[in-house]
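*Asks:* What follows is a structure written as structure tokens; I'll ask about it next.
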Amino acid sequence: MTGAEDGFLARLRARVNRGASWALDLVAGRRIDAALLEELETRLLTADVGVEATETILAGLRQKVARAELADAKALESALADSLIEILAPVERPLVVDRSRKPFVILVVGVNGAGKTTTIGKLARLLKAEGLSVMLAAGDTFRAAAVEQLAVWGERNGVPVISQAAGADPAAVVFDALQAARARGADVLIADTAGRLHTQSHLMDELAKIARVVKRQDAAAPHEVLLVLDAGLGQNAVRQAEQFGEAIGVTGIVVTKLDGTAKGGVVIAIARRFGLPIRFVGVGEQAEDFGIFNARAYVEGLLRPAAAGNT
């Protein structure tokens, strides 16, 4: 593990679910009984872990209690952590760029305000640090200053940005960018898209159009469709994952703003419901606050002592 990776994991542990822990303060020093388990269930639901995941977790814990496998509250805490990691471990799958696909096309989608453009800038930085040449496509031609924002990230990272005039056809922008990336021998093309509500069917159709246009140049592209989700949206993020999956076929998820919510459990709900790879998470505004998802570090952050919550 590199120093940068280790530093990000430390930030992930410290910043996930800032404030009082939603689990540890329940079990410390208390006897395990039905009332405690019910209270824990309420906390999990309140933290947006979701009904499906909560039922799975509590069923397992109740079985262990019934078999007298958990002698005290500390054992319950450990068993809870194991249950969370069991759900999350299968989706701990980092993005792997297939270097034989040049360019490897990443389409970034999500609703307004989720952090798509910022995610693209931070992702470009990570990929460039891995020795990959990266280009960006400014496919969000509708949001005011979206192209300019992406251009700032491009300049900061030393990465070229392909754009057109405001209001241009997003599919045409991405098509031109793919041609440029191929001509310049770029390893990766990351395409921004306009933010849209998952309920706006005509805009969701536009995403499908972008994918079709890309496939005309490379039948296997886009090679990755990254859905950016705001952790603060709770169960609405689960609905977004469902709708975007149906519209374009999501292959990976980025969860942003985990440092700004007390309901970070939505990551567990998404993992349990869809089983989609969680590629990256964001825990702050700085470029260094974005990194590969690590299930154990995430769970340790959720269950850490409340006294460590403001570090």
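The values are calculated or read from the model by the stated rules, or taken from the named source; none is laboratory data. Fair warning: this is a prediction, and the values are worked out from it, not measured in the lab. So basically every Cβ, Gly included, is an ideal-geometry build from the backbone, and we count neighbours across all protein chains shown.
*Asks:* Given the conditions (1) over 16 Å from Pro103 (Cα atoms); (2) surrounded by 22 or more Cβ atoms within 10 Å (Cβ to Cβ); (3) of a type in the set (Gly, Ala, Ser); (4) touching a Gly at 6+ places or on another chain (Cβ under 7 Å), report the number of the one that Ser163 does not fulfil.
*Replies:* With respect to (1) over 16 Å from Pro103 (Cα atoms); (2) surrounded by 22 or more Cβ atoms within 10 Å (Cβ to Cβ); (3) of a type in the set (Gly, Ala, Ser); (4) touching a Gly at 6+ places or on another chain (Cβ under 7 Å), Ser163 is out only on (4).
*Asks:* List pairs: first in segment 129-148 and without any contact (Cβ under 8 Å) to a residue 60 or more places away in the chain and within 17 Å of Ala166 (Cβ to Cβ), second of a type in the set (Asp, Glu) and not in a helix (DSSP H, G or I), Cβ under 8 Å, 6+ apart or cross-chain?
*Replies:* Leu136/Asp192; Ala137/Asp192; Ala138/Asp192; Asp140/Asp192; Thr141/Asp169; Ala146/Asp140; Ala146/Asp192; Val147/Asp140
Residue by residue, here is whether (1) of a type in the set (Val, Ile, Thr); (2) within 21 Å of the chain's Cα centre (by Cα) holds:
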{"residue": "Leu127", "(1), (2)": "no, yes"}
{"residue": "Leu132", "(1), (2)": "no, no"}
{"residue": "Phe142", "(1), (2)": "no, no"}
{"residue": "Val147", "(1), (2)": "yes, no"}
{"residue": "Leu150", "(1), (2)": "no, yes"}
{"residue": "Trp153", "(1), (2)": "no, yes"}
{"residue": "Arg156", "(1), (2)": "no, no"}
{"residue": "Ala165", "(1), (2)": "no, no"}
{"residue": "Asp169", "(1), (2)": "no, no"}
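*Asks:* Taking segment 220-246 as the region of interest, how many residues are over 21 Å from Leu95 (Cβ atoms) and either in a loop (DSSP other than H, G, I, E, B) or not acidic (Asp, Glu) (or both)?
*Replies:* Going residue by residue through segment 220-246, those that are over 21 Å from Leu95 (Cβ atoms) are 232-236, 238-239, 242-243, 246.
Narrowing the set further to residues that are either in a loop (DSSP other than H, G, I, E, B) or not acidic (Asp, Glu) (or both) leaves 232-236, 238-239, 243.
So the count comes out to 8.
*Asks:* Still on this model: Condition first: in a loop (DSSP other than H, G, I, E, B), charged (D, E, K, R) and surrounded by fewer than 22 Cβ atoms within 10 Å (Cβ to Cβ). Now tell me which residues in segment 135-149 satisfy that.
*Replies:* Correct list: Arg143 only.
*Asks:* For segment 254-261, state whether one or more residues are of a type in the set (S, T, N, Q) and either closer than 26 Å to Val16 by Cα or in contact with a Lys or Arg (Cβ under 9 Å, 6 or more places away or on another chain) (or both).
*Replies:* Checking segment 254-261: at least one residue is of a type in the set (S, T, N, Q) and either closer than 26 Å to Val16 by Cα or in contact with a Lys or Arg (Cβ under 9 Å, 6 or more places away or on another chain) (or both).
*Asks:* Collect the residues in segment 70-94 that are small (Gly, Ala, Ser) and either crowded, with 17+ Cβ neighbours inside 10 Å or part of a helix (DSSP H, G or I) (or both), keeping them in residue-number order. Don't jump to the end; show me each part of the working.
*Replies:* Step one: list which residues in segment 70-94 are small (Gly, Ala, Ser), which gives 71, 73, 75, 78-79, 81, 83, 89.
Selection gives Ala73, Ala75, Ser78, Ala79, Ala81, Ser83, Ala89.
*Asks:* So, Arg125, is that one touching a Pro at 6+ places or on another chain (Cβ under 7 Å) and closer than 27 Å to Ala297 by Cβ or not?
*Replies:* Numbers: touching a Pro at 6+ places or on another chain (Cβ under 7 Å): no; closer than 27 Å to Ala297 by Cβ: yes.
It is false that Arg125 is touching a Pro at 6+ places or on another chain (Cβ under 7 Å) and closer than 27 Å to Ala297 by Cβ.
*Asks:* Sticking with this structure for a sec: Within segment 133-159, count every residue that is under 15 Å from Asn112 (Cα atoms) and among the β-branched types (Val, Ile, Thr).
*Replies:* Going through segment 133-159 one residue at a time, the tally reaches 2.
*Asks:* Does Ala114 satisfy being small (Gly, Ala, Ser), surrounded by 20 or more Cβ atoms within 10 Å (Cβ to Cβ) and either at pLDDT 95 or above or within 21 Å of the chain's Cα centre (by Cα) (or both)? Spell out the reasoning first.
*Replies:* Values: small (Gly, Ala, Ser): yes; surrounded by 20 or more Cβ atoms within 10 Å (Cβ to Cβ): yes; either at pLDDT 95 or above or within 21 Å of the chain's Cα centre (by Cα) (or both): yes.
Considered against the rule, which asks whether it is small (Gly, Ala, Ser), surrounded by 20 or more Cβ atoms within 10 Å (Cβ to Cβ) and either at pLDDT 95 or above or within 21 Å of the chain's Cα centre (by Cα) (or both), Ala114 comes out as yes.
*Asks:* Return yes when Ala183 is surrounded by fewer than 22 Cβ atoms within 10 Å (Cβ to Cβ), touching a strand residue (DSSP E or B) at 6+ places or on another chain (Cβ under 9 Å) and either of a type in the set (A, V, I, L, M, F, W, C) or closer than 16 Å to Lys116 by Cα (or both) and no when it is not.
*Replies:* No.
*Asks:* I'm checking my understanding of the structure. Among residues of segment 246-261 that are closer than 16 Å to Leu276 by Cβ and within 14 Å of the chain's Cα centre (by Cα), which one is surrounded by the fewest Cβ atoms within 10 Å (Cβ to Cβ)? Don't jump to the end; show me each part of the working.
*Replies:* So the first thing to find is which residues in segment 246-261 are closer than 16 Å to Leu276 by Cβ, and the list is 246-256.
Narrowing the set further to residues that are within 14 Å of the chain's Cα centre (by Cα) leaves 250-256.
Values: Val250: 24, Thr251: 18, Gly252: 20, Ile253: 27, Val254: 25, Val255: 25, Thr256: 26.
If we take residues in segment 246-261 being closer than 16 Å to Leu276 by Cβ and within 14 Å of the chain's Cα centre (by Cα), then Thr251 is surrounded by the fewest Cβ atoms within 10 Å (Cβ to Cβ).
*Asks:* Ok, one more. Can you name every residue in segment 158-193 that is in a helix (DSSP H, G or I) and hydrophobic (A, V, I, L, M, F, W, C)? Outline the logic, then answer.
*Replies:* Start the filter on segment 158-193 by keeping residues that are in a helix (DSSP H, G or I), which leaves 170-184.
Passing the criteria: Ala171, Ala172, Val173, Val174, Phe175, Ala177, Leu178, Ala180, Ala181, Ala183.
*Asks:* To continue, here is another question. Within segment 243-258, can you find the residues that are in contact with a strand residue (DSSP E or B) (Cβ under 9 Å, 6 or more places away or on another chain) and of a type in the set (S, T, N, Q)?
*Replies:* Going through segment 243-258, the residues in contact with a strand residue (DSSP E or B) (Cβ under 9 Å, 6 or more places away or on another chain) turn out to be 244-245, 247-258.
Result: Thr251, Thr256.
*Asks:* Next question. Which of the residues belonging to segment 95-134 are more than 17 Å from Ile292 (Cβ to Cβ), assigned to a helix (DSSP H, G or I) and not hydroxyl-bearing (Ser, Thr, Tyr)?
*Replies:* Lys116
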